[in-house]
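This report concerns only the one structure given below.
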Amino acid sequence: MTKTIAVCNQKGGVGKTTTAVNIGAYLAKDGKKILLIDLDSQGNATLSSGVDRARLSKTIYDVMVEGLSAEEAVIPSGIERLDILPSSLDLAGAEVRLSQVPGREAVLRSVCEPLKLRYDAVLIDCPPSLGLLTVNALVAADRVLIPVQCEYLALEGLSALLQSIELVRHSLNPELSVGGIILTMVDARSNLTKEVSDEVRKFFKELVFSTTVPRNVRLAESPSFGKPICAYDPHSTGALAYQLLAKELQEKVLESDATVKAEPVAASTEKGA
Ligand code: ATP
Ligand code: MG
């Protein structure tokens, strides 16, 4: 059954968009039909997938707030089998508009239901907040992927995210669970990376993907060319990492019905790592 995966962490700049775009691109290259929903008004996933902002006409804002049919807003990316439901700056005003709508937390879920029939997986790139848009992503999703940047205070805020996931699971979406934690911007030579990844693995155990994403300048460059890494530099270390991650996601999440429960993050870890 088609799964919807929300890539989520309210901390900014941890690699959510890079992860959503590149996993999406590699799954598509592997023959899967993928929809990437850009749920961030920054529009980074839209731009990183080769969509020209100036030529965007309909976006996720029109679909969620104005009631436009999603089919009219979905566009192809530069990668075969990878479609985008794009966003633009309009979306910044969506939370206020949505807050007045009955069933405001489940608007995206209704949008996704018919779309799921046409795709093998739906990925949602979440904004860096735990606001109504992210709640909509959690209500629409089956699994949450959490990128964690290997830096000081990496676990800061994760307990708030896990609490939001639990809240949504208990109230609106009993199917929801954490699909995995992805360690990003890993510097293999740094002691800090080792300390942080040890700490994250200690708490999240088998939820942590064995593939990690190295800090790689080619990954940082590729969005400015409007290309996922598989099209920009397929031989870079970043490309190899996302290719392996897509495979791991496929095995652990997309083809598996198993759920692993995330333990609450202890207060000491919040301060420590
Ligand atoms: P936001 O919270 O603003 O949406 P985000 O969590 O989506 O941010 P990204 O936009 O994916 O994070 O990444 C933040 C920045 O770091 C971007 O400039 C991106 O190109 C760069 N970046 C992401 N992953 C890597 C990596 N592994 N190596 C080097 N640079 C990276
Ligand atoms: Mg982003």
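The numbers here are math on the coordinates, done by the rules we state, and not lab data. Bear in mind that the values here come from a model prediction, so they are computed numbers and not experimental data. Please note: Cβ atoms are built from the backbone with ideal geometry, for glycine as well, and neighbour counts cover all protein chains shown.
For the residue pair Asp52 and Glu166, what label-to-label distance in nm results when each label sits 7 Å from Cα along the Cα-to-beta-carbon direction?
About 4.9 nm separates the two model spin labels.
Nearest 0.05, what FRET efficiency do Glu206 and Thr237 give at R0 = 35 Å with Cβ-Cβ as r?
My answer for the efficiency is 0.90.
Please work out whether segment 57-106 counts as rounded, prolate or oblate from its C-alpha gyration tensor, where a ≥ b ≥ c are the square roots of the eigenvalues and a/c under 1.5 means rounded, while otherwise a/b larger than b/c means prolate and anything else oblate?
Because a/c hits 1.5 or more and a/b exceeds b/c, segment 57-106 counts as prolate.
Report, in whole Å, the centroid distance computed from the Cα atoms of segment 112-137 and segment 1-26.
Between the Cα centre of segment 112-137 and that of segment 1-26, the gap is 10 Å.
Considering amide H positions built from the backbone, and no H for Pro or chain starts, which residues 5 or more places from Leu183, or on another chain, come under 5 Å of its amide H?
Hits under the 5 Å cutoff: Val148, Phe209, Val213.
Hey, if you put +1 on the Cβ of every Lys and Arg and -1 on every Asp and Glu Cβ in the chain, which of Leu108, Leu27, Val7 ends up farthest toward the positive end of that dipole?
With unit charges placed on the Cβ atoms, the residue in question is Leu27.
Specify which residue in the list Leu138, Ile165, Ser197 is farthest towards the positive end of the charge dipole of segment 126-232, using unit charges on the beta carbon of Lys, Arg (+1) and Asp, Glu (-1), about the Cα centre.
Looking along the dipole axis, the top candidate is Ser197.
With a ≥ b ≥ c the root eigenvalues of the C-alpha gyration tensor of segment 66-162, is it rounded (a/c under 1.5), prolate (a/b larger than b/c) or oblate?
Oblate.
When the helix-only estimate is applied to the chain (DSSP H runs of n ≥ 4, each -39,500 (n - 2.57), divided by the residue count), what is the mean residue ellipticity at 222 nm, nearest 500 deg cm²/dmol?
Estimated from H runs of four or more residues: -10500 deg cm²/dmol.
Given the Cα-Cα distance of Arg104 and Glu156 and 0.36 nm per residue of separation, how much length would full extension add, in nm?
Extra length available between Arg104 and Glu156 comes to 15.9 nm.
Taking only Cα atoms and a 10 Å spring cutoff, compute GNM fluctuations for the chain and point out the largest among Gly67, Gly238, Gly179.
Gly67
Over all directions, how big on average is the projection of the convex hull of the alpha-carbon atoms in segment 116-255, in square nanometres?
Averaged projected hull area, Cα only: 9.4 nm².
To the nearest 20 debye, what is the magnitude of the charge dipole of the chain about its Cα centre, counting +1 on the Cβ of each Lys and Arg and -1 on the Cβ of each Asp and Glu?
300
Beyond 24 Å between alpha-carbons counts as too far, so tell me which of Lys33/Lys227; Lys11/Lys58; Lys16/Lys252; Lys11/Lys205; Lys16/Lys194 fall in that bin.
On the way: Lys33/Lys227 18 Å; Lys11/Lys58 28 Å; Lys16/Lys252 19 Å; Lys11/Lys205 21 Å; Lys16/Lys194 21 Å.
Over 24 Å Cα-Cα: Lys11/Lys58.
Could you give the length gained on full extension between Glu71 and Ala188, defined as 0.36 nm per residue of separation minus the Cα-Cα distance, in nm?
37.8 nm
Please build a GNM for the chain, connecting alpha carbons under 10 Å apart, and tell me which residue among Leu91, Leu167, Leu158 fluctuates the most.
Leu167
Just rank Glu71, Glu166, fewest to most, by other beta-carbon atoms within 10 angstrom.
Lowest count first: Glu71, Glu166.
Distance in nm between label sites at Val217 and Met1, each 7 Å beyond Cα in the beta-carbon direction?
According to this spin-label approximation, the distance is 4.7 nm.
Counting pairwise Cα distances across the chain, what percent come out greater than 27 angstrom? Could you put the intermediate results ahead of the total?
On the way: 12035 of 37128 pairs.
Within the chain, distances greater than 27 Å cover 32 percent of Cα pairs.
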